[in-house]
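Q: What follows is a single structure, and I will ask about it in a moment.
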There are 4 protein chains.
Amino acid sequence: MTHKIAILGASGYTGAELVRLIATHPQMEIAALGANSKAGQRMAQVFPHLRHLHLPDLVTIDQIDFAEIDLCFCALPHKTSQEVISALPRYLKIVDLSADFRLRDPAAYETWYGNPHAAVELQKEAVYGLTEFYRDQIREARLVAGTGCNAATGQYLLRPLIAAGVIDLEDIILDLKCGVSGAGRSLKENLLHAELSEGYHAYAVGGPHRHLGEFDQEFSAIAGRDVHIQFTPHLVPANRGILATGYVKGEAQAIHAALAAQYDKEPFIELLPMGETPSTRHVRGSNYCHIGVVADRQPGKAIVIAALDNLTKGSSGQALQNANLMLNIQETEGLLMAPVFP
Amino acid sequence: MTHKIAILGASGYTGAELVRLIATHPQMEIAALGANSKAGQRMAQVFPHLRHLHLPDLVTIDQIDFAEIDLCFCALPHKTSQEVISALPRYLKIVDLSADFRLRDPAAYETWYGNPHAAVELQKEAVYGLTEFYRDQIREARLVAGTGCNAATGQYLLRPLIAAGVIDLEDIILDLKCGVSGAGRSLKENLLHAELSEGYHAYAVGGPHRHLGEFDQEFSAIAGRDVHIQFTPHLVPANRGILATGYVKGEAQAIHAALAAQYDKEPFIELLPMGETPSTRHVRGSNYCHIGVVADRQPGKAIVIAALDNLTKGSSGQALQNANLMLNIQETEGLLMAPVFP
Amino acid sequence: MTHKIAILGASGYTGAELVRLIATHPQMEIAALGANSKAGQRMAQVFPHLRHLHLPDLVTIDQIDFAEIDLCFCALPHKTSQEVISALPRYLKIVDLSADFRLRDPAAYETWYGNPHAAVELQKEAVYGLTEFYRDQIREARLVAGTGCNAATGQYLLRPLIAAGVIDLEDIILDLKCGVSGAGRSLKENLLHAELSEGYHAYAVGGPHRHLGEFDQEFSAIAGRDVHIQFTPHLVPANRGILATGYVKGEAQAIHAALAAQYDKEPFIELLPMGETPSTRHVRGSNYCHIGVVADRQPGKAIVIAALDNLTKGSSGQALQNANLMLNIQETEGLLMAPVFP
Amino acid sequence: MTHKIAILGASGYTGAELVRLIATHPQMEIAALGANSKAGQRMAQVFPHLRHLHLPDLVTIDQIDFAEIDLCFCALPHKTSQEVISALPRYLKIVDLSADFRLRDPAAYETWYGNPHAAVELQKEAVYGLTEFYRDQIREARLVAGTGCNAATGQYLLRPLIAAGVIDLEDIILDLKCGVSGAGRSLKENLLHAELSEGYHAYAVGGPHRHLGEFDQEFSAIAGRDVHIQFTPHLVPANRGILATGYVKGEAQAIHAALAAQYDKEPFIELLPMGETPSTRHVRGSNYCHIGVVADRQPGKAIVIAALDNLTKGSSGQALQNANLMLNIQETEGLLMAPVFP
């Protein structure tokens, strides 16, 4: 059986990545591509790398007949997403890739995003889309909120350690290095090639990054108490990839064991042998996440490192994995392609 | 039915690319990975991006039982390849990715490669592996010689124009820009990141590049007379991609028509609308080749441009496409993944 | 004696490059920095790499007292430049980096730029700023028009060959590869890092590139007849650098001799030994231009290649070299820094 | 007065960087270039970007007449350096860029480098080359040991904080991102462009990196007690640059004040306004170091970040700064060039 799929926000990078993945998915067919600002164009004009596919032309969201759609991916900007989804049929299965439904608490949402939530009821209904930890709820969900790409990476590293009680909750530091595509296809001076290439820098230093809202929500829920990690993202001159280096206090062996217990049967999470560490280049273009653990020279301290592709496992691959669950398709369908290296 | 596949030279980039492609091929199974210099290692050590796959360990070529193999890819260095293939069973289907069997004439081989050919009989048997032009022979072949990656790109551009008689054969210039992975995984100072990145240069200027041997052989055969093009490759700081800019004398409309007639039904060759030109970033990681034609401001001159991924359509993707034909599998099987952008 | 310098358009890349060069120039002092859109900001905010310098804040052009200025660099966009310069005092020495005064013929200007020239008298007065060929006029000039960066590269290659009569004027092809900074600091989707890096493509194919206007003007003047070359620029993922590959018909030895005769005493033009070719990485950040000549395998054809840094020798370095001449300073002052490699 | 300079190890990146800097130094002249493996070659062959300079050819170290040399830079590999320097005249002023004389304690040297020191007397004589903190001793020194490039960056960040007693000494984490040129011009698979570009990873995780020996030595000396920081370097796909992100416990204002007090009059260390952070692209090719401080959202925690160019301020620029002091030249001579951006 083939499911009919709509993608809203098809002119952005996560939209294009969804098309790339679904292009070879045997049980999905792209029936509509919404992109208000580029409506009327062919996808080959907006993303020439998809030229070989037979795709519907871009249309405005108004032009889509959702009665024919089995599942809709929303890859729209924050805030726009909640407005658009509010207006969609209530029976429609939706995977949202924006930040709008990640935080369950309306007050937390307002704190981190600076405006009241416009769809509080939907916010309650939404299931947090970190597949490996919300799999059963996602299977039953109508609306799934894709996680932040940095938030996913950090949680893959730290959730099992917090749950297993093997690290000190007061001193968790996450130093993260991310590629450029995470910032999207927006016209900002600091995203120009001449500005970005050949250099690197930290940003959102000290706590303002919104993905901290997700860390606070999730880690505190697991621990049953407030957990506030320290988080510094850095922008690195590569298009894809997130490398998260975690500094924790605990025994490396216990940490490795906790990760092994959690991820033993997971199809996309690869725990490296003790002492080995991952690289973003080895997950590029794929849905895999590699995790490594190393003991520090100082007893009682450890370094944990995770790598994934922000556009795939960090957003569109995760979204497809969740959609597979929601449509009762094999979870890994369309997602088993190997990374592209070199 | 699943065919058992061996890959010799599995520790190089084209070997790894074959594994990447075959990993999701429904009718092939990798039964043996040969790599004399790294025998005994796991593939995950040599190529960590393939860690998630269940692959046989690397072995020496001697250790492989070829009686169990249905088809063997040889991704070995030039000269080594002809020695190794000479020693393989004569019934074994082989796709060779080296330069050893590309030139049909032993004298031409010796001219371009500087040594006499050590397997002249095999050389006679080998079919030139440019799929779209040798499809019927490849289907029946036992030994197929993969083309040079630059040679493939240039031929996709120029063969239809020579065959159709729409360009002047005396003045064909091919200015080619290729990515770094084409040089392989060899330890050379000029391939270091610090040497290569942030700059670009021409190499093998004036005629010494060995892929000219293929151009001379093929273009002269088509034209029924000697054709000697001018060819300058340039090395560009990107890992994958070949962009070939051809300067020809002829009418752009007739040129576009000749390409359209040739490639109309081809699954992997995309001819762009008149006046549009391709980019390597839009074929990256895929088996597609994009071709464009533009008329010059001076009447009677035109520019033709082709882009493909040297590791995929330029070598390992081409090899798999040929193997599919040789094993009577759907030609496009395992090769329809979309390019990875950005 | 220290000369007081104003730079208009100081928030763009050529403006910043002028500041970088003048920062260690012993006989110049930056007295005013004009940038209408960023007036009121400190240079350290607009270009943090210049933070260590004691520079005037950015102001609107209106706020500058030109009575105190000895020489003014105009690094403004095309069209804006002619308007601004028209309003400046007629005694002021000016080096313009825009395209506005490069073409001497108002009709040619209108053809290439699509609008009538608004300062035809100034256009007559302006001297073309290719230092090595207009040195004496530049020394006496009040208004010097900096050349296009691609136009400079191509002329360094071809002018001596046309002047010496050693190549066929009917068949000159210039295949040029340029870095990203040549497009300036403008917000365009195709200049984003995620769009540009890891790929390369041709643009302005077939003749529309405006630097062809300069080639036509200059080459025809030298030859005493119409000369129209074929010119294809390509965008390459590196920030700085132009590599121009010229395909000409002539004897390589005669070509090398003509270049040697021309550039023998030039401080910034390095002719490589016969058969060697240059790389952009070896001129990066410097005012040097490297040129090489190779004979093709086919008698009577040759390849000539030039490399320079588009922001330095291709624009701001050229501008400073001209300013030195106009102010009767040693021509090489402030320009002898070695390239930055790796 | 012009001082005659020898550079041993002129075929490596720090050797070439010394030549680049000295090329425009008004009081130094390069009299000898030693490079045993490439003796007999011209510098233009080994480093074509230095082609325009009139330099002596490369010779073996034996061939150099040190009686004519005023100061010798040793840019040789570790271990080779101590052997070569032992054999040089005892009166010769030497700036060593290797690791051989950085650690004062022979036992510490053996622990970190795995072999006993072969020149213990010289080790005692050597002055640690972190200019801003050893300026007076360097002025009087005969033998100065250049610091590790990572070690320099971390010390610029942390020394003033430890000395001022404004941070907790038990919990100092340094997460460092460095460019590729720091690994030198050695032929290693993991330094190839195709391996390194488009990805990033941590290395030497958990404590084995030798620059920790310098941190331990220096920080413990300042604190008057053992201080052992946690240190994780990461390799990032850019040629130049070190970005060091420090996680410390202390009040951000006090930290900023301690840095301001230390660096107020330093010509090359730029402390950014509170809350701003640096980027490697803004120091590239220069001798400047930019430092920033941000308070974390959790009281009592702060992030401190430093950026410098590993080849300039991190090694060859530092070496020249020290040589200026040793020869009684203005300390900043030859080092005031602005960074190259973009």
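Q: Say we look at segment D:105-127 and pick out the residues that are β-branched (V, I, T) and without any contact (Cβ under 8 Å) to a residue 60 or more places away in the chain; which of these is surrounded by the most Cβ atoms within 10 Å (Cβ to Cβ)? Talk me through it step by step, then tell me what you get.
A: Applying the first criterion (β-branched (V, I, T)) to segment D:105-127 yields D:111, D:120, D:127.
Filter once more, so that each one left must be without any contact (Cβ under 8 Å) to a residue 60 or more places away in the chain: D:120, D:127.
Numbers: D:V120: 11, D:V127: 20.
Once the filter is applied, the top-ranked residue is D:V127.
Q: Something else about it: Looking only at segment A:106-139, count every residue that is assigned to a helix (DSSP H, G or I) and either farther than 21 Å from A:E266 by Cα or out of contact with any strand residue (DSSP E or B) (no Cβ under 8 Å at 6 or more places or on another chain) (or both) and tell me the total.
A: Within segment A:106-139, residues that are assigned to a helix (DSSP H, G or I) and either farther than 21 Å from A:E266 by Cα or out of contact with any strand residue (DSSP E or B) (no Cβ under 8 Å at 6 or more places or on another chain) (or both) number 19.
Q: Among the residues of segment D:330-342, is there at least one that is touching a residue at least 24 places away in the same chain (Cβ under 8 Å), closer than 23 Å to D:H211 by Cα, part of a loop (DSSP other than H, G, I, E, B) and within 14 Å of chain A (Cβ to nearest Cβ)?
A: no
Q: Inspect segment D:251-267 for any residue being in contact with a His (Cβ under 8 Å, 6 or more places away or on another chain) and surrounded by 20 or more Cβ atoms within 10 Å (Cβ to Cβ) and give the result as yes or no.
A: no
Q: Kindly indicate the residue of segment B:314-332 that is under 30 Å from A:N310 (Cβ atoms) and not hydroxyl-bearing (S, T, Y) and also surrounded by the fewest Cβ atoms within 10 Å (Cβ to Cβ) among those meeting that condition.
A: Out of the qualifying residues, it is B:L320.
Q: Residues that are closer than 26 Å to C:M337 by Cα: which helices (runs of 4 or more DSSP H) entirely in segment D:1-100 hold 2 or more of them?
A: Output list reads D:13-22, D:43-46.
Q: Let me spell it out: the conditions are (1) assigned by TED's automatic domain parsing to the domain that holds B:C72; (2) surrounded by fewer than 24 Cβ atoms within 10 Å (Cβ to Cβ), and B:G165 meets all of them except one. Which number is the exception?
A: Condition (1) is where B:G165 drops out.
Q: Select, from D:P233, D:P237, the only residue that is in a loop (DSSP other than H, G, I, E, B) and either modelled with pLDDT of 95 or more or of a type in the set (S, T, Y) (or both).
A: Numbers: D:P233 fails: in a loop (DSSP other than H, G, I, E, B).
None of the other options fit; the residue is D:P237.
Q: Any residue in segment B:265-283 that is more than 10 Å from chain C (Cβ to nearest Cβ), of a type in the set (K, R) and closer than 26 Å to B:I138 by Cβ?
A: Within segment B:265-283 (the criterion being more than 10 Å from chain C (Cβ to nearest Cβ), of a type in the set (K, R) and closer than 26 Å to B:I138 by Cβ), the answer is yes, since at least one residue qualifies.
Q: Check whether at least one residue in segment D:55-64 is modelled with pLDDT of 95 or more and within 14 Å of chain C (Cβ to nearest Cβ), and report yes or no.
A: yes
Q: Take the residues of segment A:236-253 that are at the interface with chain D (Cβ under 8 Å from one of its Cβ atoms) and not hydrophobic (A, V, I, L, M, F, W, C): which is nearest to A:L161 (Cα to Cα)?
A: By that ranking, first place goes to A:Y247.
Q: Does A:G241 meet the test of being small (G, A, S), touching a Cys at 6+ places or on another chain (Cβ under 8 Å), surrounded by 19 or more Cβ atoms within 10 Å (Cβ to Cβ) and touching a residue at least 60 places away in the same chain (Cβ under 8 Å)?
A: Taking the combined requirement at face value, the residue satisfies it.
Q: Follow-up question, since we're still on this one. Looking only at segment A:182-197, which residues are surrounded by fewer than 21 Cβ atoms within 10 Å (Cβ to Cβ), of a type in the set (A, V, I, L, M) and either within 29 Å of C:D309 (Cα to Cα) or over 24 Å from the mean Cα position of the chain (by Cα) (or both)? Spell out how you get there, then give the answer.
A: First, the residues of segment A:182-197 that are surrounded by fewer than 21 Cβ atoms within 10 Å (Cβ to Cβ): A:183-190.
Restricting the remaining residues to those that are of a type in the set (A, V, I, L, M) gives A:183, A:187.
A:L187, the sole residue that qualifies.
Q: If I filter segment D:157-179 for residues that are over 26 Å from D:A254 (Cα atoms), in a helix (DSSP H, G or I) and within 15 Å of the chain's Cα centre (by Cα), do I get at least one hit?
A: No, there is no match, as no residue in segment D:157-179 is over 26 Å from D:A254 (Cα atoms), in a helix (DSSP H, G or I) and within 15 Å of the chain's Cα centre (by Cα).
Q: Out of segment B:288-315, which residues are at the interface with chain C (Cβ under 7 Å from one of its Cβ atoms) and in contact with an Asp or Glu (Cβ under 7 Å, 6 or more places away or on another chain)?
A: Matches in segment B:288-315: B:I303 only.
Q: Yes or no: D:L259 in the same structural domain as D:V304 (by TED's automatic domain parsing), in contact (Cβ under 8 Å) with a residue 40 or more places away in the chain and within 22 Å of C:L50 (Cβ to Cβ)?
A: yes
Q: Also, quick follow-up: Based on this model, can you work out whether B:L311 counts as within 30 Å of A:G179 (Cα to Cα) and surrounded by fewer than 20 Cβ atoms within 10 Å (Cβ to Cβ)?
A: In short, no.
Q: Given the criterion over 21 Å from C:I291 (Cβ atoms), at pLDDT 95 or above, in a helix (DSSP H, G or I) and not assigned by TED's automatic domain parsing to the domain that holds C:K38, identify the matching residue among C:G213, C:G199, C:G206.
A: On inspection, the qualifying residue turns out to be C:G213.
Q: If we keep just the residues of segment A:198-235 that are more than 12 Å from chain D (Cβ to nearest Cβ) and touching a residue at least 60 places away in the same chain (Cβ under 8 Å), which is farthest from A:D105 (Cα to Cα)?
A: A:A223
Q: Among the candidates C:G285, C:G246, which residue alone is in the same structural domain as C:F215 (by TED's automatic domain parsing), within 23 Å of the chain's Cα centre (by Cα), part of a loop (DSSP other than H, G, I, E, B) and surrounded by 21 or more Cβ atoms within 10 Å (Cβ to Cβ)?
A: C:G285
Q: Among the numbered criteria (1) modelled with pLDDT of 95 or more; (2) touching a helix residue (DSSP H, G or I) at 6+ places or on another chain (Cβ under 9 Å); (3) surrounded by fewer than 17 Cβ atoms within 10 Å (Cβ to Cβ); (4) more than 14 Å from chain A (Cβ to nearest Cβ), which one does B:G40 miss?
A: (2)
Q: Starting from segment C:172-193, keep only residues that are within 13 Å of chain B (Cβ to nearest Cβ), then list their pairs with residues that are assigned to a loop (DSSP other than H, G, I, E, B) and aromatic (F, W, Y) whose Cβ atoms are within a distance under 6 Å, requiring at least 6 positions of separation or different chains.
A: C:K177/B:Y200
The values are calculated or read from the model by the stated rules, or taken from the named source; none is laboratory data. Treat the numbers as computed from the prediction; the structure is a model and nothing was measured. Glycine also receives a Cβ, built like all others from the backbone with ideal geometry; neighbour counts cover every protein chain displayed.
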